[in-house]
1. Filter the strands (runs of 3 or more DSSP E) completely within region 155-250 down to those with at least 3 residues that are open to solvent by 50 Å² or more (accessible area, probe 1.4 Å).
2. Please determine whether any residue of region 91-113 is farther than 20 Å from T56 by Cα, in a strand (DSSP E or B) and at pLDDT 95 or above.
3. Under 6 Å between Cβ atoms, which residue pairs at least 6 apart in sequence (or on different chains) link something in region 130-158 that is under 23 Å from V198 (Cα atoms) with a partner that is open to solvent by 50 Å² or more (accessible area, probe 1.4 Å) and assigned to a loop (DSSP other than H, G, I, E, B)?
4. Go through (1) at pLDDT below 95; (2) in a strand (DSSP E or B); (3) open to solvent by less than 10 Å² (accessible area, probe 1.4 Å) and name the single condition D40 misses.
5. Which of the residues spanning region 214-233 are over 16 Å from the mean Cα position of the chain (by Cα), farther than 23 Å from N172 by Cβ and of a type in the set (A, V, I, L, M, F, W, C)?
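The values are calculated or read from the model by the stated rules, or taken from the named source; none is laboratory data. As the structure is a computational prediction, the values presented were derived from the model and not from experiment. Using ideal geometry, Cβ is built from the backbone for each residue, glycine included, and neighbour counts are taken over all protein chains shown. Surface accessibility is based on the protein's heavy atoms, side chains included, excluding ligands, DNA and RNA. Shrake-Rupley method; radii C 1.70, N 1.55, O 1.52, S 1.80 Å.
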Amino acid sequence: MIKLLRACVAVALVAAAPAARAGGFSTTNVQLLQGYDFKDPLYYTGGTMTTLTLNTFSTWEYGDSFFFADMYTGHFKNGFDPAHPPETAPGGQNLFKLYSESHPRLFIDQLLGKNEPLLGIIRHWGLAGEINVSQGFGAYLGGVGFDFNVPQGWVLGLNVYYRWDSTLRDVNGKDRSNQWQISPFWTVPFALGPVPLVFTGFVDVNGSWDVANDKAFKEIWAQPQLLVDVLAPFGGKPGRLYAGTEWWYHRHPVATSSVPQAMVQWTIY
């Protein structure tokens, strides 16, 4: 577990380095989440799940980059990794998994020196990529990305991708790996009296395949978070320590899981 965390920290620092050299903005945080009664058809048989997440986001003159790694333990099915034993096998119900994503974007408007929002609503637009990796699984995405013109401090964006999914290379004897994905994301800070809060998260909607019925299926992942700035109301440094909840939602051809998780987030810098 410690080796995995060290490796993720190293990758995050490498990803943030170009932004630092270019004089851009960079931030990194660590999240700890705890959920119960997971019944996700892809990963979990039911029970608790503990997640340690490393996030890093950076900007540079012509784009931005986001990277995260999830290290979690739970009651796993075989999932993507056939090396994992079934739930009835000794040790099969308490295993670790590692999942990571990298999201680089290149803004064409910045390359062209455009300062005015496109159509009055799109602040930045350009090329977007994504790599999703876990044991026995890989998804590789390419497409376009947009950041919308919203109030200062807010974030509202949308990425639209072509998606290649390694798990769909052979579905009932046919290659279904060529898919699509739409990914909106947001961050909205607000306050209730003296207490700062933030509502943030993403939704991924992607093409998949219902193996049992042999037909196309829309898979949905969503992880919205509602967090309270713990230190700011008491004169502490704002934006450093958050606590709240994350809602894990996964719509899959087999079943749909919907689980709230308790969450703490520490911003390293």
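1. Filter on region 155-250 gives 155-165, 178-192, 215-222.
2. Checking region 91-113: not a single residue is farther than 20 Å from T56 by Cα, in a strand (DSSP E or B) and at pLDDT 95 or above.
3. If the second residue must be open to solvent by 50 Å² or more (accessible area, probe 1.4 Å) and assigned to a loop (DSSP other than H, G, I, E, B), the pairs left are F148/I121; N149/I121.
4. Condition (2) is where D40 drops out.
5. Result: L227, V228, V230, L231, A232.
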